[in-house]
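Structure, as structure tokens:
Read-outs: derived from the displayed coordinates by stated rules, not from any lab. All figures in this text were calculated on a predicted structure; none of them were measured in a lab. FYI the Cβ positions are ideal-geometry reconstructions off the backbone, even for glycines, and counts take in every protein chain you see.
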Amino acid sequence: MRRLFNDPLKERDRLAVRANTLATRGEGNVEFHGQALIEAFEFGGPDKGFRVSGSAGGKSHTWDVDRIIANVGYSPDTSLYRELQIHECFTTLGPMNLATVLEKQAGHDCLTIASQGPEPLRNPEPNFFILGSKSYGRNSHFLLRKGFEQVRDVFRLITGRMDLDLYKKKG
């Protein structure tokens, strides 16, 4: 797991340190095979694990393992709006307007990405908005804070009140 220099998210850094320690210590029950290409795997039956065939470092290998953990990414479930008019980015599977804005900020830390405002949340489907992590598609920079901002922005669009602040305490 890649660590970020001076990571402002301390728990993310602790998680990266722990994962890297488990993956590289060379003892115990965890083996790391980075950039491995899996050609086949065979289930041995209950409590018998798997036989995995593939290559790593340009050499063929066969591994007998209890479990397989494949970190291959995330794809959002778009079945809810499959029949609606959504212009979807073929790369991220997020709504195209937002994906275009996020692509311009590619390479930035998720904490430094500015709010996109309400316009990129619009879709060709009238009054339909995709919010939260699903709106980022495969883009891994989503934070709950961004989801809260999206909800605020959509309420601004719906009400026409661009001065609306949902988080301001009353009284």
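At a glance:
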{"quantity": "Charge-dipole axis of the range 28-171 as Lys and Arg at +1 and Asp and Glu at -1 on Cβ define it, positive-most pick from Pro46, Gly34, Gly117", "calculated": "Gly117"}
{"quantity": "Förster radius 41 Å - calculated FRET efficiency between Arg3 and Ser60, Cβ distance, rounded to 0.05", "calculated": "0.85"}
{"quantity": "Mean Kyte hydropathy of -0.5 or more with a Cα span along the axis of at least 18 Å, helices from DSSP in the chain", "calculated": "144-159"}
{"quantity": "Full-extension gain in nm, Ala106 to His87, via 0.36 nm per residue minus C-alpha separation", "calculated": "4.8 nm"}
{"quantity": "Sparse-neighbourhood loop sites, trypsin sites (Lys or Arg not before Pro) in the range 102-157 - DSSP loop, at most 14 other Cβ within 10 angstrom", "calculated": "Lys104, Arg138"}
{"quantity": "Separation in nanometres of the label points that stand 7 Å from Cα toward Cβ, at Glu42 and Asn127", "calculated": "5.9"}
{"quantity": "Shape box of the chain [Cα atoms, principal axes, largest first, Å]", "calculated": "61, 41, 31"}
{"quantity": "Hydrodynamic radius (Kirkwood) for the range 70-126, which is based on Cα pairs only, to one decimal in Å", "calculated": "12.8"}
